[in-house]
Every structure is written in C-alpha cells, then in structure tokens.
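Novice: First the structure, then my questions, so here it is.
Laboratory data are not the source of any read-out in this text; all were calculated from the coordinates shown. No experiment lies behind these values; they were computed from the predicted model shown. Virtual Cβ from ideal backbone geometry, glycine too; neighbours counted across all protein chains shown.
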Amino acid sequence: MKTNEFMELALEEARAAGARGEVPIGAVVVLDGTVIGRSGNRTRELHDITAHAEVAAIRMACDALGQERLTGADLYVTLEPCTMCAAAISFSRIRRLYYGAEDPKGGGVDNGVRFYAQPTCHHAPDVYSGINEVQAAEILRGFFQGKRD
Ligand SMILES: [Zn+2]
C-alpha cells in the first residue's frame with residue numbers, strides 16, 4: 001500500500017473531526033515540505049456547509065501565505081474530494097492532489113463530474129489516489145457504523 005507521512009497528518013485531522021462529531025475527513029496543505037494548512041471537516045462547528053476539510057485547509061494555507069493562490073503547494077486529503085472541493089483545489093492552483101479512499105457516491109475527481117477532465121476546468125492538479133486508503137476507509141466506515149448503532 002502507498003503511504004505518506006503527510007497523509008498520516010491528514011488521517012489525524014480526520015480522526016479529530018470524527019471525535020468532534022463531524023464527518024471524519026482530514027486535509028493537509030504542504031509547500032516545500034512544510035505544512036501550511038491542516039484541518040478536518042468543520043461544517044457543524046462553523047455552521048458552514050462549505051467548511052469541508054479541503055476548503056478549511058486551503059483557507060488556512062492562503063491565510064498563512066497572505067495570498068489567494070497556492071501555486072506549487074500539494075494537498076493531501078483522506079477521501080476523494082467532492083465537486084466543490086475539486087473546484088477549490090483547481091482555483092487555488094494546487095500542484096498535486098493526493099487522496100486516500102475513492103468516493104463513488106460523492107467524489108468529483110475520479111467519480112461524478114470528473115471536474116479536472118472538463119473543458120471548463122482551467123487548472124488541473126496531478127492526482128494520486130489510494131494513499132493510505134485502508135486507514136482512510138476504516139475511519140469513515142467506523143464513523144458511519146457508529147451512526148447506525
Ligand atoms: Zn468537499
């Protein structure tokens with residue numbers, strides 16, 4: 001299995017989000033080997049449906065750099081981004097996207113609208129999937145099982 005130290009941090013964020021009652025997804029933004037943004041889902045905490053882990057981590061990274069673009073930065077997220085996040089990743093000019101588990105129900109990268117393959121997408125990151133995917137999938141499975149019990 002492909003693993004990565006930054007994905008381990010994203011998994012930590014996912015677990016922390018789950019402990020707060022959020023859907024357990026985590027994301028980390030890295031520039032030149034340094035973490036400049038990291039977050040889990042915060043939609044419930046912030047009453048903000050756009051506060052997905054990826055968007056929250058991008059906001060933190062942009063704030064840290066004092067700019068709206070993240071050219072040359074890489075984003076690690078535990079689950080395939082949804083369409084909204086795929087677009088935000090594109091708009092922020094992220095260089096590489098690494099994700100854990102695929103999301104056939106809600107993903108927008110390799111499933112659904114496949115945003116980066118559309119002619120309306122003007123910047124597509126390089127995409128690497130299946131990073132630490134077993135742990136990423138386990139965290140989500142545990143969360144949704146807990147909801148049903
Ligand atoms: Zn999203």
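Novice: For labels at residue 68 and residue 127 in the simple 7 Å Cα→Cβ model, what's the distance in nm?
Specialist: Reported label-point gap for residue 68 and residue 127 is 2.5 nm.
Novice: Let me ask something additional. Go ahead and estimate [θ] at 222 nm for the chain from helices alone: -39,500 (n - 2.57) per DSSP H run with n ≥ 4, summed, over the residue count, rounded to 500.
Specialist: Values: 5 runs with 57 residues, N = 149.
Counting only the DSSP helices, I get -11500 deg cm²/dmol.
Novice: Moving on to the next point. At what distance in angstrom do the alpha carbon centres of segment 128-142 and segment 41-86 lie from each other?
Specialist: 19 Å
Novice: Could you line up 129, 92 from fewest to most neighbouring Cβ atoms inside 10 Å?
Specialist: Ranking 129, 92 by Cβ neighbours within 10 Å, fewest first, gives 129, 92.
Novice: Could you give P(r) for segment 1-61, binned at 10 Å from zero, as whole percent values over all Cα-Cα pairs?
Specialist: Bin by bin from 0 Å, the calculated values are 27, 52, 19, 2.
Novice: Still on this structure, I have one more. Compute the label zone of residue 5 within segment 30-61: residues whose backbone N is under 11 Å from the point 7 Å along Cα-to-Cβ.
Specialist: Label zone hits: 33-35.
Novice: Could you put 120, 71 in order, starting from the residue whose Cβ has the fewest other Cβ atoms within 10 Å?
Specialist: 120, 71
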